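See below for the structure under consideration.
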Amino acid sequence: MTKQAVVVPVPPEAAVPAPQLFPYPPPRAAGVRRKQCLTIGAGAGAGAPGRVGGWVESMRASSPTHARAAAALADDDDRRAAWMVQHPSALGKFEQVVAASKGKQIVVFLDYDGTLSPIVDDPDAAYMSDTMRRAVRSVAKHFPTAIVSGRCRDKVFEFVKLAELYYAGSHGMDIKGPAKAYRHTKAAKAKGVLFQPASQFLPMIEQVHESLVEKTKDIPGAKVENNKFCVSVHFRCVDEKSWSALADMVKSVLKDYPKLKLTQGRMVFEVRPTIKWDKGKALEFLLESLGFADCADVLPVYIGDDRTDEDAFKVLRKRGNGVGILVSKHPKDTSASYSLQEPAEVMEFLLRLVEWERLSKARPKW
Ligand SMILES: O=P(O)(O)OC[C@H]1O[C@H](O[C@H]2O[C@H](CO)[C@@H](O)[C@H](O)[C@H]2O)[C@H](O)[C@@H](O)[C@@H]1O
């Protein structure tokens, strides 16, 4: 077993005080540094001198190889143990998680890549297993369930293939509900909901997508993905020596589009409209559409692995209501309260949630 694969158990209850659902401000785990913010605002597309070094550093930080090497240097085991105290396993603390739902309707929000499907080199081959699909289908039978993804909504639907779910594609900028309303929901408007707050950006995103494809075509391994209201530029398969050149190219395209901003995910640049809309806003929108604007009625459970999921974790913290679960094998600065290591653990958690709901007699239903 490699060092990274070692699961550091959460110390016994007696030794470690049970974490609050939402300790605020979120405690910083020892040795975990806040990630550099890569958002480029209006007009700052390519101008900032000396920024390329920062970009490459951040690109390295999103590479597991570098993260592992850095973690090893900084005494990985100790850091992980400290981090796990602050972000215990949602499986290990399952009873604590579901206890918070007493008298409330659980609503489940699931990120796709890295949460329901393993991270792979080819974004077009990020398939979800049939067993995971069955688990998500079972969850949706019991709880309103939404997929919240950076991908184009149609593409994520092609992977998930479950018509009974809500889908929020393009980082929440393209929200669609199932044709049939959930019996668990309280609001009629949840049925057939469609919300696209960035629709005026469509022509601009098309243009930028074309420019990025053209500009990056000579960088081996670079892949530009059109996610409808946003564009991804992947560098997972790009030689590290070309990362700086790629970052420069993306920035040079964006300098003509001050209404677009650049953020970074797992070995990917994400070009998005500057509108104040993200996965956190999508979560709030969906809760309201489902008739659960009031925190007293609902327990949102959000599971995700990426930086963009942090917007949703922050919303849960701000509401003081909900369970944020980060999928990660490594300590990361996060606003989530709990952790799961990988998609296989996400599936186990979902199945346990279904089983718990089946066995639960006392909890009121809507
Ligand atoms: O919000 P998500 O559903 O997590 O989408 C975020 C990005 O996910 C995809 O990229 C990531 O997964 C790929 C396949 O495993 C991997 O090759 C890539 O390195 C990851 O960043 C998707 O392709 C992007 O468009 C999404 O923005």
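The values are calculated or read from the model by the stated rules, or taken from the named source; none is laboratory data. This one's a predicted model, so the numbers in the text were calculated from it and none came from an experiment. As a convention, Cβ positions derive from the backbone with ideal geometry for all residues, glycine included, and neighbour counts pool all protein chains shown. Each accessible area value is taken on the protein alone, full model and side chains, heavy atoms only, with ligands, DNA and RNA left out. Shrake-Rupley method; radii C 1.70, N 1.55, O 1.52, S 1.80 Å.
Overall size of the range 188-321 from C-alpha positions, given as principal axis extents largest first: 53, 29, 23 Å.
Report, ordered by chain and residue number, the aspartates and glutamates lying within cross-link reach of Lys276, taken as a straight Cα distance under 17 Å and ignoring same-chain residues fewer than 8 apart. Of all the aspartates and glutamates, those that pass the test against Lys276 - Cα under 17 Å, at least 8 places apart if same chain - are Asp174, Glu284, Asp309, Glu310, Asp311. Across the range 98-112, coupling constants 3J(HN,Hα) worked out from phi with the 6.51/-1.76/1.60 Karplus curve, θ = phi - 60°, read 6, 4, 5, 8, 3, x, 10, 8, 6, 10, 9, 10, 10, 6, 9 Hz, and Gly and Pro carry x. Surface exposure of the range 67-160, expressed per residue as accessible area with a 1.4 Å probe, stands at 37 Å². Amide H to amide H distances under 5 Å link Gly265 with Glu270, where only residues 5 or more positions off or on other chains count and H is placed in the peptide plane. Taking only protein heavy atoms and a 1.4 Å probe, the accessible area of the range 65-171 is 54% carbon and sulfur. In order along the range 337-354, phi translates into HN-Hα couplings of 9, 10, 9, 9, 7, 6, x, 4, 6, 4, 4, 4, 5, 5, 5, 5, 4, 5 Hz, rounded to whole numbers, per the Karplus curve 6.51 cos²θ - 1.76 cosθ + 1.60 with θ = phi - 60° and x for Gly and Pro.
Across the range 75-90, computed HN-Hα scalar couplings (Karplus, 6.51 cos²θ - 1.76 cosθ + 1.60, θ = phi - 60°) run 6, 3, 4, 5, 5, 5, 4, 5, 5, 5, 5, 7, 10, x, 4, 5 Hz from first to last residue, x flagging Gly and Pro.
If a spin label sat at a point 7 angstrom from the Cα of Lys161 along the line to its beta carbon, the backbone N atoms of the range 112-146 nearer than 14 Å would be those of 126-137.
According to the square roots a ≥ b ≥ c of the eigenvalues of the Cα gyration tensor, what is the shape class of the range 283-366, taking rounded for a/c under 1.5, prolate for a/b larger than b/c otherwise, and oblate for the remainder? Verdict is oblate for the range 283-366.
Taking square-rooted eigenvalues a ≥ b ≥ c of the alpha carbon gyration tensor, is the range 81-196 rounded, prolate or oblate, where a/c under 1.5 means rounded and, failing that, a/b exceeding b/c means prolate? Note, shape of the range 81-196 comes out oblate. Think of the range 233-297 as having a plus end and a minus end, set by charges on the Cβ of Lys, Arg, Asp and Glu; of Ser289, Val268, Ala245, Ala245 sits farthest toward the positive end of this dipole. For the range 191-252, the equivalent ellipsoid derived from the alpha-carbon gyration tensor has semi-axes of 28, 12, 9 Å in decreasing order. Distances between placed amide hydrogens fall under 5 Å for Val148 paired with Leu110, Asp111, Tyr112, Ala168, all partners being 5 or more residues away or on another chain. Checked against a 18 Å cut-off, the cross-linked pairs Lys104/Lys141; Lys281/Lys318; Lys176/Lys318 give Cα-Cα distances beyond that limit for Lys176/Lys318.
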